[in-house]
Structure formats: C-alpha cells, structure tokens
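Written below as structure tokens is the structure these notes are about.
The values are calculated or read from the model by the stated rules, or taken from the named source; none is laboratory data. Values in this document were obtained by computation on a predicted structure and should not be read as measured data. Heads up, the Cβs are rebuilt from the backbone with ideal geometry, glycines too, and the neighbour counts pull from every protein chain shown.
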Amino acid sequence: MNQIQVVNPQQGPLAMPGQPMPFAPVQLGLSDESKLALLDYWRSIKARKWPILGLATMMALLAAAVAFSMTPIYKSTATVLIEQGKGKVLSFDDMFAGAAQTKEHYQTQVEILKSRDVALKTVTAMKLWNQPEFDPRKGGDGIGKKMLALVGVKEAQPEWTDDKLASATVGAVMNNLSVEPVRLSQLVKVSFESPDRNLAQRVSNELAARYIDADREAKFKQAQALNGWLDQRATELRTKLAESEDLLQKYREDQGLVSLEGSAQALAGRRIADVSTRLADARARRMTLDSAYQGISSIKNGDYSNVPAVVSSMGVQGALQREAEAVRNLAQLTETLGSSHPNVLVAKSAVDEARSYKRAQIQAVVKSVLEEYGNARRAEGALMAELETASGSVQDVNRKEFKLAVLERDVSSNKQLYEMFMIRAKELSSGSDLQSAIARVVDPAVAANVPVKPNKAQIILVAFMLGLLLGSGGALAMERLDNTIKGGESTELKLHQPVLTVLPAVTEEDAPKVGRLFVEAPSSHHAEAMRTARTGLLLSNIDTRHRVVLVTSSLPTEGKTSTSTNLALALAQTKRTLLIDADMRKPQVGTRLGLPANAKGLSNLVAGTATLKECVHQVEGSTLMVIPAGDVPPNPLELLLSQRFKEVIEHLKPQLDFILIDSPPVELVSDAMSIAPMASETVFVVKANQSTYTMARKSLNRLQRAGTHIQGVVVNGLDFDKAQRYYGSEYGQNTYAAYGGTYGSYGTSYDGGAKPATAVQPAPTT
C-alpha cells in the first residue's frame, strides 16, 4: 500500500523513502579561499619552476664568477690567556691594589687588546707601512686627483716620518684585526686577516707579545715612580730623625743631665712619680664617678630609673627583673582568673613588694654612689696634698726628666719610621722586575693553508637561494597581478558560484566544428564535459518542468555560443530542447549548427514576418530544435523588450522541457539584462586565462540584480595539460581516457533514450 509522507511546511518537502535528496549547488565561502592560499602559492611557484630555477642558476653562476675573481684572505689566530690571579713575589700590596681578577678586569684587558695603542706599537715594531696592502704612500688614482691632473694641478706630497707612517697605517691594520673573548673562560682569540698568510701569522703573534710587553712596561714605570716617592720620603724622614736627635743631645747638654739613677733626687723623683700615678688613678676614679654624681644630683623628683649608673647596678637589675616577672604573672592571672580572684590579689601584693624592693635597691645604689664619690674626692685631695709636700726641691728635676722622655720618644718614633721606609724601598727596588706577566700566549698563531674569504661555496649557495627567493617572489607577484580565471576550483573560490563543468581548449582541428562538437566527437573530453554540465542542470531545480536557461558571458570570444549549442545538443538527447539565438547583433548559432544563412529566425518571428513553423529548424543528426537570430534588426534591444517576445517565450515553455537562450555579452550591451527576468536560471560562461574575476563578478552582480538565478558557471577553453602541471593530476587527460575505455560510447542518453522531436504548436497571432 502506497503511503504519502507528510510535509512539514517549516522544513520544506522531504524526499520519499529510497529516493535521493535533490541536487543543491554548494556555495563556498571566503574561509575556503584563505584555506587554499598556501596551496595556490605553491601551484604558482610550481607552474613557473623552470624560470625560477633558471634565474637561480644564473645568479649562482654570476656569484661564482665574482667569488673566484676575489683575492683570497687568510686568517691566523693566536690564543692569549689572561691570568686569573698574578703571583706576587713581594708583599707590598699598594702597587697592585685595583688589579683584582674580576670579570670587569678581564673585560678591561680585552679592551686593552683592542686598543689603538697596542696596535700602533705592533705597526711600529713590524714597520707594516712597508707592506703593499698597508702602505699609505701609494695613494690612489681617484677622480679628484685625475681632474686636478687634467687642469695641471699637482698635489703636494707629504713628508713621511715613521710616526706619520705608523699613524696612517694603524687604521687599516685595526680594520683587519679582531679580538674575541672565549665565553666562560679567560682565553682571548687574537686574529688578523691578510692576503699574505705569513703576514697574518706574524701580526697575530706580534700583537699578543706587544700587549704583554706593554703591561710589563706600565708596571715597571709604576714601580719606578713609587720607588722614587719612597726614596724622597725616606730622605725627609732621615732629616727629621737627625733633627730630633740633635734636640735631644742639646737638651741633655744644656741641663747637665747624664743619669738620674741612684741619686736622692732620682729617688724623690720616683716617689713623686708614684704619688703622681696614684693621683692620676684617683683623679680618673673621681672623674668616672663624677658623671654618675652629676646624673644623680640632677634628679629632683626622686626617680632615678633613667640614671645609667643606677640602672646598671646588679641589684637594681635583679629588682627590675623581679618586678617584670611579678607584673607579667599578674597580667596572666588577671586574663585567666579575673581581677577579683584571690590569686590575683596575691599577685598584686607581689607586684607591690617587688616595686618596694626596687625602690629600696635604687636608694641603696644612690647612697653608695654618693658615698663613693665623696671618698674619691677626699682621696684625690689627700694625694694632691702629698704631691705638693713631696715636690719641693725635685720639681725642676721632674720637669727636666719629663722633657727628656718626650725628646727620646720622638727620636725613637722617627728612627722606626725611617727604618721601615728604607726596608720597603730596598725591597721594591730589588724586586720590581720580578712580577709575573699579566697574560701569556698559550697557542701561537700559525700560517693558514685555507683562506677564510671568500667562502665560494657559501656565496654560490646564498646566490642560488636568493635567486630562488626572487624567482618565487616574482612568480607570486605575477600570480597576484594575474586576475584571470585559471580553472574550476579557483572560479568557485573567486566568484562564489558553483562550476557546472570545465571545457577543454579546442584544437585547431576541431575549431571548424566547435558548434557541433558534442555530436561530431561524442567520445571526446569536450563531449564528456558537456554531459557533466547537462547532469548539473538536470539535477538542479528538478521540480521545475519547463525551464528557460539563459546562456551569456561578460565579453565576446569567451565561448558563449559554442557552449550554448553543445549544451543544447546534450540536453536534446534526453529532453525536449529548443535553442534560441537572441544575439541578433552578432548571430552565430545558425552558422555553428549548419543552418542556411538566410534561415528565418527570432527577429522574423517577433516582428510577425514569419510563422513559428518557418522559424523553428531541427539540427541534422539530433533532436535539437533551433530558432536562429533571423534577419538582423536595426533595434535588437527594442525587439527583445517587446511584449511579442515575451508572449513567444510563454507560448513555447509548456511545449518544451528546456529553452536555451543565447544572449549577447553582458558588459557590451544590455540585451542579456532584458532577457534575464524571463529566464528561470542563467548559465554564465567564462574563458580560462582570459576572463578576469573582476569583470565576471561585475557581470554576475548585474544579472542577479536583474532578477535571474545563476545556476552555475562554465569554464571554457582550459588547457588541460597546463592545468595538470599547475593543479596536479586532477585535470589530466589520463583520467578521462581511463573512464572512456571502461564505459565505451557516450551516445547513451541520461534517462535511457532521447525523446523524438516534437513540432511545436504555432504561436497565437496578435
């Protein structure tokens, strides 16, 4: 029992069980274009690979010629070790203060190696101005000198001295010199480049030697300067010592002092000295207690807690500690038991007792200090009185002895200082040349056997790679500038319309029969492509029975007419099909299909000068019916805009399955725009490598604004061999040949057989 499926009006008609869904063209978005950008770039480069390789090869050959013509440059390198810590033969550190082996010191030595002074010493030692490559006396034959010579002006030659030659040469030498520290070590690479391999070796070794000698010379000069200063200072000290000795001797002679030991005066002097010592001690004790006494005396309120002499007492310290413990205990009990607890009251009593004890201790200390201060003052007064009693007659002797001791101490200190400077000066003088060198050469430079410049292989490789980059960039630039249509994939991406088929380029042999190529060569690639387009049309808008298809293009010579005739011949195999030539400005349909040149056609039918039967012609060897353009009218656009033309189309539609209308190009005249509203769909034809994307987009937009539906695009005239090289085997002839050999002839119709031609009914007269 047959069942009818319910149609959901919101979802549209659903397919019956077991039947495929209707064909819907796939609309590609801009995101796909961006996804295939890299693939297009690769295809552009691959399509022009031989010119790119040719350019790269030419640049490599040119680079090889330049590289082999360049003078070879040799490089020699000497490795210098900057000592981590220089051994000190002497103990006199002032000379080497600031020579600590730090990172800054190592970097400083590297910069010294690079300095102009070391290079200048090397140039002077080797007299490098005698080398041809560095000789500043050669001059040059510049344009300025040539022009001066032409006008008779001779340039004055400078008077060259060794200093001038060295100054003029050092710049060129430093340009060829390189000093590179070795990372994570204290090694330094000293390199020199020169066309002479032996010269490069000698300069590298000489520079390292000059650097070490320069450091030694600087240290030696520093030692000499310091030695001179020590000598001068020692002379001054010797003079001062002699003066102090003279004063001591003169004082002894003036006072008649030989020796005080054993005499009464000496004994009294010793007594006075003893009393003086004790008086000094008592006075020191009194002065020590004086600060404590003054602190205590300044207190008016009886609070001695801020007096250091009182607070520092052991008894007061213990009392303070006891008070602090009692206060802390009271705080803890108050926090845990409350203020009314008996234990808290006991703790408060303990705090009061501790504070009373502290006050008692403070009073005791204050009393003790005051008593001790009074005793010290009394002791000092007693000693002063005793000293005055003992002084008497020996007071003068004491003064003389004191003066003598001062002079003797002065002589002793001057003698010690003088002896110390003399010892240091002798040590420095005898050992200044024994310091170790700041650096040493661990790997002397050797003459190189292989030049470092030019690196011919690298130059050639870089030139070749640069040629590849330039060629690839040029290929991409040409691809970007070329906005013509390349194939089906690029057409869908650029025009955002489905491609019905891609037609191969017609050979010269097939050019005369291009309009009937579908029936003349049914097994050709062109015919198979037309079957693809026919299938696309048949599977789209499958519910529409009578369809009017407009075939047009942007500009002439894009294959619009040949596409119309062959597509009509393909449709005629399966459907009742009529082809109308609406291009009355340059009609080609009748000629392409072999109709008589004077055959009646569309212009006669619309004008009413011929009947429909006279204007409809059947193509020989096919069921296709054709209405050619007929006589060329003076006003084709008015003819196509007439109501009569619309009535003819409406009269023919119920009698046919397909009506194909070949119209003029969109961009030249507006005939296609006037026909577009009457067509149910439009097939747009573009030509590969000729039609531009911008023009095609403009034409498609105009057609869509006119009210037609773009069914698809036919890409015509594609060179499949070239496309195979560009896109790969997708467009290759071998694929078609494989299918052709399997399925045989393509004469079979889409639905099992072609329907016989049926004469159309005459149009009603108006």
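Side notes on the structure shown:
- Unique match (being surrounded by 19 or more Cβ atoms within 10 Å (Cβ to Cβ), modelled with pLDDT of 80 or more, polar (S, T, N, Q) and not in a loop (DSSP other than H, G, I, E, B)) among S167, S204: S204
- Residue check, E667 of a type in the set (D, E, K, R) and not in a helix (DSSP H, G or I): yes
- Residue that is surrounded by the most Cβ atoms within 10 Å (Cβ to Cβ) [pool: residues in the stretch 232-255 that are acidic (D, E) and either modelled with pLDDT of 70 or more or touching a His at 6+ places or on another chain (Cβ under 8 Å) (or both)]: E245
- Set side by side, the residues V80, V118, V123 differ, and just one is outside any helix (DSSP H, G or I), in contact with a helix residue (DSSP H, G or I) (Cβ under 9 Å, 6 or more places away or on another chain) and modelled with pLDDT of 75 or more, which is V80.
- Of the residues in the stretch 641-660, not one is touching a Gly at 6+ places or on another chain (Cβ under 7 Å) and of a type in the set (D, E, K, R).
- Taken over the stretch 207-220, the criterion of being out of contact with any Lys or Arg (no Cβ under 9 Å at 6 or more places or on another chain) and of a type in the set (D, E) is satisfied by D215, E217.
- Residue within the stretch 303-316 that is modelled with pLDDT of 75 or more, surrounded by 15 or more Cβ atoms within 10 Å (Cβ to Cβ) and either of a type in the set (A, V, I, L, M, F, W, C) or in the same structural domain as D290 (by TED's automatic domain parsing) (or both) present: no
- Residue check for V446: surrounded by fewer than 19 Cβ atoms within 10 Å (Cβ to Cβ) and either acidic (D, E) or outside the structural domain of V619 (by TED's automatic domain parsing) (or both): yes
- Residue check, S191 modelled with pLDDT of 85 or more, among the hydroxyl-bearing types (S, T, Y) and under 30 Å from N449 (Cβ atoms): yes
- For the stretch 84-115, the candidate set comprises residues that are at pLDDT 65 or above and hydroxyl-bearing (S, T, Y); within that set, the residue that is surrounded by the fewest Cβ atoms within 10 Å (Cβ to Cβ) is T102.
- Check on L517, crowded, with 22+ Cβ neighbours inside 10 Å, assigned by TED's automatic domain parsing to the domain that holds N701 and not basic (K, R): yes
- Test result for S432, over 26 Å from Y251 (Cβ atoms) and at pLDDT below 65: yes
- Considering the stretch 678-711, the residues that are touching a residue at least 40 places away in the same chain (Cβ under 8 Å) and assigned to a loop (DSSP other than H, G, I, E, B) include one that is nearest to K646 (Cα to Cα), namely A679.
- Pairs linking a residue in the stretch 355-371 that is without any contact (Cβ under 8 Å) to a residue 40 or more places away in the chain to a residue that is surrounded by 15 or more Cβ atoms within 10 Å (Cβ to Cβ) and not charged (D, E, K, R), with Cβ atoms under 7 Å and 6 or more positions apart or on different chains, are Y357/A319.
- Scanning the stretch 590-638 for residues that are of a type in the set (A, V, I, L, M, F, W, C), in a helix (DSSP H, G or I) and either within 19 Å of K560 (Cα to Cα) or in contact (Cβ under 8 Å) with a residue 24 or more places away in the chain (or both) yields L602, L605, V606, A607, L612, L637.
- Matching residues, the stretch 472-495, being hydrophobic (A, V, I, L, M, F, W, C) and under 31 Å from the mean Cα position of the chain (by Cα): A475, L476, A477, M478, L481
- Listed by first and then second residue, the pairs with beta-carbon distance under 8 Å, at least 6 apart or on different chains, first residue in the stretch 318-331 and closer than 15 Å to Q361 by Cα, second assigned to a helix (DSSP H, G or I) and among the polar types (S, T, N, Q), are G318/Q361; A319/Q361.
- Candidates L538, L469: the one that is under 55 Å from the mean Cα position of the chain (by Cα), modelled with pLDDT of 85 or more and either assigned to a helix (DSSP H, G or I) or of a type outside the set (D, E) (or both) is L469.
- Of residues in the stretch 645-654 being surrounded by 14 or more Cβ atoms within 10 Å (Cβ to Cβ) and touching a residue at least 60 places away in the same chain (Cβ under 8 Å), the one farthest from S603 (Cα to Cα): K653
- Residue within the stretch 276-292 that is buried (at least 18 other Cβ atoms within 10 Å of the Cβ), modelled with pLDDT under 75 and under 21 Å from Q361 (Cα atoms) present: yes
- Test: residue in the stretch 477-500 that is assigned to a strand (DSSP E or B) and buried (at least 21 other Cβ atoms within 10 Å of the Cβ): yes
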